[in-house]
Amino acid sequence: MIKVGISQCLLGVNVRYDGGHKNNRFCREDLASVFTFVDLCPEVGIGLPTPRKTIRLVGDPESPRAVLSDDDGSDFTQQLSDFAVKNQEKLSEVSAYVFCKASPSCGVERVKVYRSGNQAEKSGTGIFAAKVQALFPDLPVEEDGRLNDPSLRDSFIKRVYIYHEWQKIQSEGLTADKLYKFHARHKFTLLAHCQKTYRSLGPLVATASHGDVAEIGRNYFSQIMQALKKVASRRNNTNVLMHLQGYLKEHLNTGDRTELAQCIMDYHDGIQPILAPLTLLNHHFKNNPNEYIAQQSFLAPYPKELAIRVNTL
């Protein structure tokens, strides 16, 4: 199974400063059914007890320090950063990371940073989370709270599967042909998330046969992962669905074409979830196989048990 890193408290483990946890039902039940979690708590990992005094970020939001809230002079910044380095080999095996929101060690964004006294601004990143992202800049990361948004959830899980696929290609050895096939497989998914990047990556991939494929691959993958952070809009999804519909034009009778077109428009108008036209398209492509379409990740970006797309998409 795909390995995903996660803040240990999100799995119901009592490792938080107050001796409690932040059990996340979606992670513990839904994601755990398809992923293997690599759970870490950096604060406990560097030897702090549970329960313990709270840590907070102070100083420059761009380079904060992690200290005890009672300001007794203790500074855990380097230890929390080093904890990521010490676990680098383990982290290199994961295909994503789910961090605990607002944590001074694990928060990804909008973590409180105290410049002086009790005046704080939500502009920081947890020390451990920042180091993990520095070590693995293309790694899909998300906070537990943001996973309550189905659109963000959809984007994150797509990135997990695409990142894992890229890891396998890299372990086998990237070639120009493998890069072509990877791009072809995810073209429609990319189009749904970012048309600008979709237009720019095609020419980049075309240079792989006569350039440094390793460097081109790194550049390509960084761009596609950034693009997929953007939520797939209803408008872009509709555009892709209509593209796919075109591949069936010569194979469907009038009734089936009308039904499919109406289903796509019902999705566009917010009447149906995207699963409705996807299910219908998959049905028609099963009866009318197309080798190119069969490889497209857009039609089945993740397992059915994680088919969490809803009307908001």
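Pick out the one residue from ASN288, ASN282, ASN253 that is closer than 26 Å to TYR163 by Cα and out of contact with any Phe, Trp or Tyr (no Cβ under 6 Å at 6 or more places or on another chain).
Numbers: ASN288 fails: closer than 26 Å to TYR163 by Cα; ASN253 fails: closer than 26 Å to TYR163 by Cα.
So the residue among ASN288, ASN282, ASN253 that is closer than 26 Å to TYR163 by Cα and out of contact with any Phe, Trp or Tyr (no Cβ under 6 Å at 6 or more places or on another chain) is ASN282.
Which is surrounded by fewer than 19 Cβ atoms within 10 Å (Cβ to Cβ), modelled with pLDDT of 95 or more and either within 22 Å of the chain's Cα centre (by Cα) or of a type in the set (D, E, K, R) (or both), of LYS286, LYS249?
After applying the criteria, what remains is LYS286.
Could you identify the single residue in LEU260, LEU278, LEU248, LEU201 that is without any contact (Cβ under 8 Å) to a residue 60 or more places away in the chain, part of a loop (DSSP other than H, G, I, E, B) and in the same structural domain as LEU179 (by TED's automatic domain parsing)?
Working: LEU260 fails: part of a loop (DSSP other than H, G, I, E, B); LEU278 fails: part of a loop (DSSP other than H, G, I, E, B); LEU201 fails: part of a loop (DSSP other than H, G, I, E, B).
After ruling out the rest, the residue left standing is LEU248.
Please go through the range 263-275 and give me each residue that is in a helix (DSSP H, G or I) and either surrounded by fewer than 12 Cβ atoms within 10 Å (Cβ to Cβ) or at pLDDT below 95 (or both), ordered by number.
So in the range 263-275, the residues in a helix (DSSP H, G or I) come out as 263-268, 275.
Selection gives LEU275 alone.
Just for the range 123-159: of the residues that are hydroxyl-bearing (Ser, Thr, Tyr) and within 21 Å of PHE26 (Cβ to Cβ), which one is surrounded by the fewest Cβ atoms within 10 Å (Cβ to Cβ)?
SER151
Condition first: charged (D, E, K, R), surrounded by fewer than 17 Cβ atoms within 10 Å (Cβ to Cβ) and outside any loop (DSSP other than H, G, I, E, B). Now tell me which residues in the range 5-64 satisfy that. Walk me through it before giving the result.
To start, the set of residues in the range 5-64 that are charged (D, E, K, R) comprises 16, 18, 22, 25, 28-30, 39, 43, 52-53, 56, 60, 62.
Still in the list and also surrounded by fewer than 17 Cβ atoms within 10 Å (Cβ to Cβ): 18, 25, 28-29, 39, 52-53, 60, 62.
Correct list: ARG25, ARG28, GLU29, ASP39.
Please go through (1) modelled with pLDDT of 95 or more; (2) in contact with a Pro (Cβ under 7 Å, 6 or more places away or on another chain) for ASP18 and return the number of the only condition it doesn't satisfy.
(1)
Return the residue satisfying two criteria in turn: it lies in the range 289-307 and is of a type outside the set (Gly, Ala, Ser) and crowded, with 16+ Cβ neighbours inside 10 Å, and of such residues it is modelled with the lowest pLDDT.
Filtering the range 289-307 for residues of a type outside the set (Gly, Ala, Ser) gives 289-293, 295-296, 298-299, 301-306.
Cutting the leftovers down to crowded, with 16+ Cβ neighbours inside 10 Å gives us 293, 296, 298-299, 301-302, 306.
On the way: ILE293: 97, GLN296: 96, PHE298: 96, LEU299: 94, PRO301: 92, TYR302: 90, LEU306: 80.
Looking at the filtered set, the residue picked out is LEU306.
The values are calculated or read from the model by the stated rules, or taken from the named source; none is laboratory data. The structure displayed is predicted, hence computed values, not measured ones. Cβ atoms come from the backbone with ideal geometry, glycine included; neighbour counts cover every protein chain shown.
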